[in-house]
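These notes concern the structure reproduced below.
The values are calculated or read from the model by the stated rules, or taken from the named source; none is laboratory data. The structure displayed is predicted, hence computed values, not measured ones. So basically every Cβ, Gly included, is an ideal-geometry build from the backbone, and we count neighbours across all protein chains shown.
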Amino acid sequence: MKVAGFTFIRNAILYDFPIVEAITSILPLCDEFIVAVGKSEDDTLGLIERIGSPKIKILPTVWDDSLREGGRVLAAETDKAFQAIAKDCDWAFYIQGDEVVHEQDLPAIRAAMLKWKDTPSVEGLLFHYTHFYGSYQYIGDSRSWYRREVRIVRPDEAIFSYRDAQGFRKKPNQKLRVKLIQARIYHYGWVKPPQQQMAKRKKAHSFWHKTDLITDQTEFVYNVEEPLTIFQGTHPAVMAARVKNCDWAFEYDASQLQTKWHRKVLHQIYKLTGIWLFEYKNYRVV
């Protein structure tokens, strides 16, 4: 079985992306790893080069900053990396710059890829998600966070990154047929020092809107409008230094939440029954 990893990144240092941790967390499963490195305002290229793995192949890119709607530029960069994967690979493992896989899940992921490798009707593998918010101690516990997404796909020319690169589809516009596996993506996109979180928010705004975000605010305020819970597990080993060096304050007071009543009802139904009503699914579980 041959597996390729792929991702894209730009300004990783400026916006504090754990891209090194993301790549190295799945590198043991990969025979090659394509990193589309966008022209940056910092030393992102050097950061990737310093990983020092012969598996890594850097693809220099220039982002089309005119794609200012729906996050399309993120999908475009994902596709550049995906299209550079060797054609003889059996699977392509996608990881974004703020996503990390726990080492405890690597055996299950490898087993799933082997199990479904020779079943063409399975076009991808679906992961569970844990979303951290504000600090490394709290995780999202509401319908505001997506539960699952596809992160391993066939290296098929008909498959493409969908919308803002959250998932994938197959031409012309078909949802992938996937298997849910017992493995998890740890999403750290909302855990950054407040200054870098604000800088990232301003930049990210331009990926979805035609006008810039105008504000004098220099630090992001982690306003909590939906429930959080204390994280009871362990972080991936590659995240140890980041967790240890976290130096900003984050407070969570559940009594101050102003969650809309219908969201509370839907959340309670899920907690009691395990049924996630009206869930958006960009895939077909088979």
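The residues of region 91-132 that are under 23 Å from Val243 (Cβ atoms) and in a strand (DSSP E or B), listed by number, are Glu99, Val100, Val101, Phe127, His128, Tyr129, Thr130, His131, Phe132.
Given the criteria surrounded by 15 or more Cβ atoms within 10 Å (Cβ to Cβ), at pLDDT 90 or above and among the β-branched types (Val, Ile, Thr), does Val224 qualify? So Val224 does not fit the description; no.
Note on region 192-213: residues that are in contact with a Lys or Arg (Cβ under 8 Å, 6 or more places away or on another chain) and within 16 Å of Val224 (Cα to Cα) total 1. Of all residue pairs spaced 6 or more apart or on separate chains, those with beta-carbon atoms under 8 Å, a first member in region 191-206 that is over 23 Å from Tyr252 (Cβ atoms) and without any contact (Cβ under 8 Å) to a residue 60 or more places away in the chain and a second member that is among the hydroxyl-bearing types (Ser, Thr, Tyr) and outside any helix (DSSP H, G or I) are Lys202/Thr215. Screening Ile23, Ile56, Ile34, Ile19 for residues that are surrounded by fewer than 23 Cβ atoms within 10 Å (Cβ to Cβ) and either at positive phi or β-branched (Val, Ile, Thr) (or both) leaves exactly one candidate, Ile56.
The single condition from (1) under 14 Å from Tyr136 (Cβ atoms); (2) assigned to a strand (DSSP E or B) that Val238 fails is (2). Among the residues of region 149-166, how many are touching a residue at least 60 places away in the same chain (Cβ under 8 Å) and within 19 Å of Ala112 (Cα to Cα)? Within region 149-166, residues that are touching a residue at least 60 places away in the same chain (Cβ under 8 Å) and within 19 Å of Ala112 (Cα to Cα) number 6.
Is at least one residue of region 4-26 of a type in the set (D, E, K, R), more than 30 Å from Pro120 (Cα to Cα) and in a loop (DSSP other than H, G, I, E, B)? Yes, there is a match, as at least one residue in region 4-26 is of a type in the set (D, E, K, R), more than 30 Å from Pro120 (Cα to Cα) and in a loop (DSSP other than H, G, I, E, B). Residue count for region 254-278, restricted to those that are touching a residue at least 24 places away in the same chain (Cβ under 8 Å) and under 11 Å from Pro227 (Cα atoms): 7.
Any idea which residue in region 249-286 is surrounded by the most Cβ atoms within 10 Å (Cβ to Cβ), counting only those that are among the charged types (D, E, K, R) and assigned to a loop (DSSP other than H, G, I, E, B)?
Per the stated criteria, the residue is Lys281.
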